[in-house]
Amino acid sequence: MASNLETLVTVFGGSGFLGRAVVRTLCKRDYRIRVAVRRPELAGHLQPLGRVGQIHAVQANLRYPASVEAAMRGAEVAVNLVGILAQSGAQTFEAVQAEGAGTVAKAAAAAGARMVHVSAIGADANSTSHYARTKAAGEQAVLSTIPSATIFRPSVVFGPEDEFTNRFAALARISPALPLIGGGTTKLQPVYVGDVATAVADAVDGQTKAGATYELGGPEVLSMREIIETILEITGRNRMLVSLPFGLAKLQALFLQFAPGAFKLTPDQVELLRSDNVVSEAAKSAGLTLEGLGIAPDSLEGVAPQYLWRFRKAGQFTHKSA
């Protein structure tokens, strides 16, 4: 029986938040990993995740097909994790999430490789969100080229160094009030990054259904208000929660899209919050979920204290709402 050491997997976007978890999990399963990133000289932090020589970083940019083709040479599996939350310069939603996904699929097909593509719950060609429309376009580009590809749609992903829980924890440290866009009623199903990485590794192992789209969510469906309250409780912060109508939030986002760090908010991100981001009943019925893969998902409340402790403030408190 062939060893995984004989299998080369090219991971596009392997140096990012989800990418690090995927590379770590694949290394534990003894795959050889080629990490394709725009700046390979900045991917040195990945080396300790595997054994000597197991991980090799190469330059690739999804906007340049030749670089993607080079990154796929000799690989048997392509994993595409590339995605952006906000556009910047040439890194647009269309270029990265729609056309870029198609570029990876074409290179994988040319190499005779299998493909695993990570999209997002909410991907919808008819969405009012540009992000969601291009996620759907990326899925279509992948499946039209490689019909047997596995698609994963995670809900919001949390874990160390995420841009979700850490963002609100950082805001709570410096701001006396936190906004609840749309009243904080939007439902999410936060999924732990390690569980998503395990699902991706299972797909690389060949344990997923060919051509299937899986929806990945955690064990709980929570409102934005409940998520922020959980983060406040973990970090020991007493902050006022202020309801912010979608219209006003979108107006503010016209300016905040240029803000730095945790204050950044784009109009498209506000638009995304108009729709719930949870695993569908259809996916549950078809077994196209984490549970369907035999993965017991970890909860936000169970995992987040392990990395949000650095934002912790001692003392008792009660939540306030406005």
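The values are calculated or read from the model by the stated rules, or taken from the named source; none is laboratory data. Remember, it's a predicted structure, so these values are computed and weren't measured experimentally. For neighbour counting, all protein chains shown are included, and Cβ atoms are generated from backbone atoms with ideal geometry for every residue, glycine included. The area values use the complete protein model at the heavy-atom level, side chains included, leaving out ligands, DNA and RNA. Shrake-Rupley method; radii C 1.70, N 1.55, O 1.52, S 1.80 Å.
Looking at the structure I just gave you, is G138 in contact (Cβ under 8 Å) with a residue 24 or more places away in the chain and under 16 Å from F12 (Cα atoms)? Walk me through it before giving the result.
Numbers: in contact (Cβ under 8 Å) with a residue 24 or more places away in the chain: yes; under 16 Å from F12 (Cα atoms): yes.
So G138 passes the test.
Exactly one of (1) in contact (Cβ under 8 Å) with a residue 40 or more places away in the chain; (2) open to solvent by 40 Å² or more (accessible area, probe 1.4 Å); (3) within 30 Å of F258 (Cβ to Cβ); (4) part of a helix (DSSP H, G or I) is unmet by R24. Its number?
(3)
Look at the range 264-313 and say how many of its residues are of a type in the set (A, V, I, L, M, F, W, C), buried (at least 16 other Cβ atoms within 10 Å of the Cβ) and in a helix (DSSP H, G or I). Even if it seems obvious, please write down each step before you answer.
Going residue by residue through the range 264-313, those that are of a type in the set (A, V, I, L, M, F, W, C) are 265, 270, 272-273, 278-279, 282-283, 286, 288, 290, 293, 295-296, 300, 303-304, 308-309, 311.
Checking which are buried (at least 16 other Cβ atoms within 10 Å of the Cβ) leaves us with 265, 270, 272-273, 278-279, 283, 288, 290, 293, 295, 300, 303-304, 308, 311.
Of the ones still in play, those that are also in a helix (DSSP H, G or I) are 270, 272, 283, 293, 300, 303, 308, 311.
The qualifying residues number 8.
Quick one: in the range 206-224, which of the residues that are open to solvent by 10 Å² or more (accessible area, probe 1.4 Å) and in contact with a Phe, Trp or Tyr (Cβ under 9 Å, 6 or more places away or on another chain) is farthest from F164 (Cα to Cα)?
Residue satisfying both the conditions and the ranking: T208.
Failed condition for A60, given (1) buried (at least 20 other Cβ atoms within 10 Å of the Cβ); (2) touching a Ser or Thr at 6+ places or on another chain (Cβ under 6 Å); (3) more than 30 Å from L272 (Cβ to Cβ), with all others met?
(3)
Quick grid of which residues meet (1) touching a Gly at 6+ places or on another chain (Cβ under 8 Å); (2) of a type in the set (A, V, I, L, M, F, W, C):
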| residue | (1), (2) |
| --- | --- |
| G102 | yes, no |
| K106 | no, no |
| A111 | yes, yes |
| M115 | no, yes |
| N126 | no, no |
| A141 | yes, yes |
| P147 | yes, no |
| P154 | yes, no |
| P160 | no, no |
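Can you name the residue in the range 135-155 that is part of a helix (DSSP H, G or I) and of a type outside the set (A, V, I, L, M) and is also surrounded by the most Cβ atoms within 10 Å (Cβ to Cβ) among such residues? Reasoning before the result, please.
Let us first name the residues in the range 135-155 that are part of a helix (DSSP H, G or I), namely 135-145.
Right, trim to of a type outside the set (A, V, I, L, M) and you get 135, 138-140, 144-145.
Details: K135: 26, G138: 30, E139: 22, Q140: 15, S144: 11, T145: 19.
Top of the filtered list is G138.
Looking at the range 240-255, which of its residues are assigned to a helix (DSSP H, G or I) and crowded, with 18+ Cβ neighbours inside 10 Å? Don't jump to the end; show me each part of the working.
Looking only at the range 240-255, we keep the residues that are assigned to a helix (DSSP H, G or I), and these are 246-255.
If the condition is that a residue be assigned to a helix (DSSP H, G or I) and crowded, with 18+ Cβ neighbours inside 10 Å, then A249, K250, A253 are the ones that fit.
May I ask you to say which residue of A262, A282, A296 is under 17 Å from V196 (Cβ atoms) and either within 23 Å of the chain's Cα centre (by Cα) or among the charged types (D, E, K, R) (or both)?
On the way: A262 fails: under 17 Å from V196 (Cβ atoms); A282 fails: under 17 Å from V196 (Cβ atoms).
Of A262, A282, A296, the one residue that is under 17 Å from V196 (Cβ atoms) and either within 23 Å of the chain's Cα centre (by Cα) or among the charged types (D, E, K, R) (or both) is A296.
Within the range 171-205, which residues are over 14 Å from the mean Cα position of the chain (by Cα), open to solvent by 30 Å² or more (accessible area, probe 1.4 Å) and closer than 30 Å to K313 by Cβ?
Start the filter on the range 171-205 by keeping residues that are over 14 Å from the mean Cα position of the chain (by Cα), which leaves 171-187, 201-205.
Filter again for open to solvent by 30 Å² or more (accessible area, probe 1.4 Å), leaving 173-174, 176-177, 179, 185, 187, 205.
Residues satisfying the conditions are R173, I174, P176, A177, P179, T185, K187.
What residue, among those in the range 67-110 that are in a helix (DSSP H, G or I) and open to solvent by 70 Å² or more (accessible area, probe 1.4 Å), is nearest to S155 (Cα to Cα)? Write out each step before concluding.
Initial filter on the range 67-110 (in a helix (DSSP H, G or I)): 67-72, 93-110.
Now restrict to residues that are open to solvent by 70 Å² or more (accessible area, probe 1.4 Å): 69, 94, 99, 106, 110.
Working: E69: 30, E94: 21, E99: 22, K106: 27, A110: 31 Å.
Among residues in the range 67-110 that are in a helix (DSSP H, G or I) and open to solvent by 70 Å² or more (accessible area, probe 1.4 Å), the one nearest to S155 (Cα to Cα) is E94.
Quick one: what pairs do we get from the range 54-72, first residue closer than 19 Å to I84 by Cα, second open to solvent by 70 Å² or more (accessible area, probe 1.4 Å) and not in a helix (DSSP H, G or I), C-beta under 8 Å, 6+ apart or different chains?
Q59/R38; Q59/R39; A60/R38; N61/R38
Please state which one of L244, L273, L251 is free of Cβ contacts under 8 Å to residues at least 12 places away in the same chain and closer than 20 Å to G183 by Cβ. I'd like the intermediate steps shown before the answer.
On the way: L244 fails: free of Cβ contacts under 8 Å to residues at least 12 places away in the same chain; L273 fails: free of Cβ contacts under 8 Å to residues at least 12 places away in the same chain.
When all the criteria are applied, what remains is L251.
Go through (1) buried (at least 23 other Cβ atoms within 10 Å of the Cβ); (2) within 23 Å of G100 (Cα to Cα) for F158 and report which single condition fails.
Checking F158 against (1) buried (at least 23 other Cβ atoms within 10 Å of the Cβ); (2) within 23 Å of G100 (Cα to Cα), the one that fails is (2).
Which members of the range 43-57 meet the condition of being open to solvent by 50 Å² or more (accessible area, probe 1.4 Å) and in a strand (DSSP E or B)?
Filtering the range 43-57 down to residues open to solvent by 50 Å² or more (accessible area, probe 1.4 Å) leaves 45, 47-48, 51-53, 56.
Passing the criteria: only H56.
Quick one: in the range 3-19, of everything that is part of a helix (DSSP H, G or I) and without any contact (Cβ under 8 Å) to a residue 60 or more places away in the chain, which residue is surrounded by the most Cβ atoms within 10 Å (Cβ to Cβ)?
By that ranking, first place goes to N4.
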